[in-house]
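Structure, as structure tokens:
The values are calculated or read from the model by the stated rules, or taken from the named source; none is laboratory data. What you see is a predicted model; the values in this text were computed from it and never measured. We place every Cβ from the backbone using ideal geometry, glycine too, and count neighbours over all the protein chains shown.
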Amino acid sequence: MSYLALDIGTGTQDALIYSKSDHLENSVKLIYPAPTILFSKYIADSHQDLFIAGAPMGGGPVTKALKNHMTKGYNVYITKEASLSIKDDTEKVKSQGFDIVENIENPHLYLNDLDMDLFEKLREKAGYSDFEKILVAVQDHGFIKNQSDRITRINFFKEFLKGDLRNAYFNETNNIPEGFNRLKSIKNTLEQSGYTRFNITDTGIAAALGALYNVSERPVITVDVGNGHTFAALIYDNFKTSSFFEHHTTMLTPEKMQKYIKKMLTSTITFEDVYNDGGHGAHCFQKKNFSEAAIYVTGPQRHRLFDNFSDNVIYASPAGDTMITGPVGLLLQEQLI
């Protein structure tokens, strides 16, 4: 009985194939370019009009590559569903110069966050049994017309995180909220591929859980310093969240991090503190006051913000590898390890 735990970021997709009969350290591990990176490289090497179909996925580098492609004088024809990878508002996609069409029979690219053929081949070659369950983490801002996606995302987190971190996921029985097209796309792809058991969560939640692998002390603060976003949570009882905030990594400094962490400890951090600074926002679930907490830090940009921060900082590396923090968090959420 094996499990695929897959954390899909902007730069990489980090995967573990895990069996309960194995030590975690012996699991098959793959750190592979993120789908949006692979697609963007294909686009950059193209010298023709492009026809694109597929599903909503992480846009980032794909969007940038497609815009660059159009500046070279080429046209981009894209289906409505695939265009949601660029922006959730199709009218805004059109205004950027994309040609949205109903159907494309033989596309140059078929956008999708999940390449299950890759992981099935890896599973077979490694001699693992069929996947019992698929565990996936992605980031989805969400979309509500005429509302900032920063507000939409924080409102989503307030509902998603109000209980135990380990319960913050969608599975085959849950309805994903309207406007969260990327999460819905993951669910649809898994169902259409014949997978009947799965969990889908947010990359921030997976990172927070993975950072706490084999960590029993509480309270603790987890910080995932990603290439695009930084997510921090104060965990005070088992895996319950007292407060959290999310910001754009490039807008943060060590001084800002210190200020926000102090406010988390005293439950004085507010949505406006972070939102008015250009970030997504923040929220306190409990009005608790903590004198101090160890800070467990993950993410590719962690050194920029935390190398000279304080003695309380610990760089998390579950099973000896910081790159698998997300997959380990997914396994913890499923209570497999």
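Can you find a residue that is in contact with a strand residue (DSSP E or B) (Cβ under 7 Å, 6 or more places away or on another chain), part of a helix (DSSP H, G or I) and not assigned by TED's automatic domain parsing to the domain that holds T173 anywhere in region 233-243?
Within region 233-243 (the criterion being in contact with a strand residue (DSSP E or B) (Cβ under 7 Å, 6 or more places away or on another chain), part of a helix (DSSP H, G or I) and not assigned by TED's automatic domain parsing to the domain that holds T173), the answer is no, since none of the residues qualifies.
Test G204 against the stated conditions and say whether it is within 14 Å of the chain's Cα centre (by Cα), touching a residue at least 12 places away in the same chain (Cβ under 8 Å) and at positive phi.
No: the conditions fail for G204.
Inside region 78-170, counting only helices (runs of 4 or more DSSP H) that do not spill past its ends, which hold 3 or more residues that are modelled with pLDDT under 95, loosely packed, with under 14 Cβ neighbours inside 10 Å and touching a Gly at 6+ places or on another chain (Cβ under 9 Å)?
Correct list: empty, since no element meets the threshold.
Those residues that are at positive phi and either of a type in the set (V, I, T) or in contact with a strand residue (DSSP E or B) (Cβ under 9 Å, 6 or more places away or on another chain) (or both), I need them from region 71-105; list them, please.
Hit for region 71-105 is G97, nothing else.
Is at least one residue of region 267-284 outside the structural domain of K158 (by TED's automatic domain parsing) and touching a Pro at 6+ places or on another chain (Cβ under 7 Å)?
So far as region 267-284 goes, no, none of its residues is outside the structural domain of K158 (by TED's automatic domain parsing) and touching a Pro at 6+ places or on another chain (Cβ under 7 Å).
List the pairs whose first member sits in region 306-317 and is over 15 Å from E217 (Cβ atoms), whose second member is among the charged types (D, E, K, R) and modelled with pLDDT of 85 or more, and whose Cβ atoms are under 7 Å apart, counting only residues at least 6 apart or on separate chains?
Here the result reads Y315/R302, each pair linking region 306-317 to a residue that is among the charged types (D, E, K, R) and modelled with pLDDT of 85 or more.
Residues are listed down the side, and each one gets a yes or a no for (1) modelled with pLDDT under 95; (2) out of contact with any Leu (no Cβ under 6 Å at 6 or more places or on another chain); (3) closer than 24 Å to I151 by Cβ:
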{"position": "G194", "(1), (2), (3)": "no, yes, no"}
{"position": "V223", "(1), (2), (3)": "no, yes, yes"}
{"position": "N227", "(1), (2), (3)": "yes, yes, yes"}
{"position": "D237", "(1), (2), (3)": "yes, yes, no"}
{"position": "Y260", "(1), (2), (3)": "no, yes, yes"}
{"position": "L265", "(1), (2), (3)": "no, yes, no"}
{"position": "T268", "(1), (2), (3)": "no, yes, yes"}
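For residues that are under 27 Å from L109 (Cβ atoms) and of a type in the set (G, A, S), tally how many sit in region 8-37.
4
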